[in-house]
Amino acid sequence: MIVVTGEFRMPPEALDAARAAMGRVIAASRAEPGCLDYIYAEDILEPGLFRVIERWTDRAALSRHFEMPHMKRWLEERAAMGLTGRQVTAHAVTVSEAL
C-alpha cells in the first residue's frame, strides 16, 4: 500500500473557489481504481492550510492518478488560485496496526 501525506496552503481570497475545486478532485479521485482514501482536511487553527491524506493499493495506481484529466485540471486551477507551500510525500507501507 502507498500512503500519501502532506500539506498545502490557499490564500484567504481563494478559499471558496478552492473548496469547490477540491470537492471535484476528491470525488473523482475516490472513484479511481486503486484509491482507498483521498482526503483534504482544512486545519482548524490555520484557515487555508490543508492536510493531505491518501491511500492507494499500489504505486501503479498512484502513478495513473497523476495522469487523470481531473488531476491535470486541478494542477491548473490550484496554480491560478495561488496554492503555496505544497509538501507531499508518498510512503510505501508494508505493515499496519490499529492503535
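Readers should treat all values here as calculations from the given coordinates under stated rules, not as data from a laboratory. Bear in mind the structure is a predicted one, so any value in this text is a computation, not a measurement. As a convention, Cβ positions derive from the backbone with ideal geometry for all residues, glycine included, and neighbour counts pool all protein chains shown.
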The stretch 3-90: which chymotrypsin sites (Phe, Trp or Tyr not before Pro) are DSSP loop and have at most 10 other beta-carbon atoms within 10 angstrom? PHE66
Just to confirm the number: angle between the C-alpha axis of helix 69-81 and the first principal axis of the chain, 0 to 90 degrees, nearest 10? 40
Rounded to the nearest 500, what is the chain's calculated 222 nm mean residue ellipticity when only DSSP H runs of at least 4 contribute -39500 (n - 2.57) each, over all residues? -11500 deg cm²/dmol
When the dipole is taken about the Cα centre of the stretch 5-99, and only Lys, Arg (+1) and Asp, Glu (-1) are charged at their Cβ, what size is it in debye, to the nearest 20? 260
Selection of GluC sites (Glu not before Pro), the stretch 18-76, meeting DSSP coil and at most 16 other Cβ within 10 Å: GLU67
Per the Kirkwood formula over distinct C-alpha pairs, the hydrodynamic radius of the chain in angstrom is 14.1
Fewest to most Cβ atoms within 10 Å: LEU15, LEU45, LEU62 sort as LEU45, LEU15, LEU62
Counting other C-beta atoms within 10 Å, which of HIS91, HIS70, HIS65 has the fewest, and how do the rest follow? HIS91, HIS70, HIS65
For the chain, longest principal axis from Cα atoms; helix 15-30 axis from its Cα atoms; angle between them, nearest 10 degrees, is 20
As I understand it, the dipole of the stretch 2-92 uses +1 on the Cβ of Lys and Arg and -1 on the Cβ of Asp and Glu, about the Cα centre. Which of THR5, SER63, VAL25 lies farthest toward its positive end? SER63
Cut-off is 10 Å between beta-carbons; in what order do ILE2, ILE39 appear when sorted fewest neighbours first? ILE39, ILE2
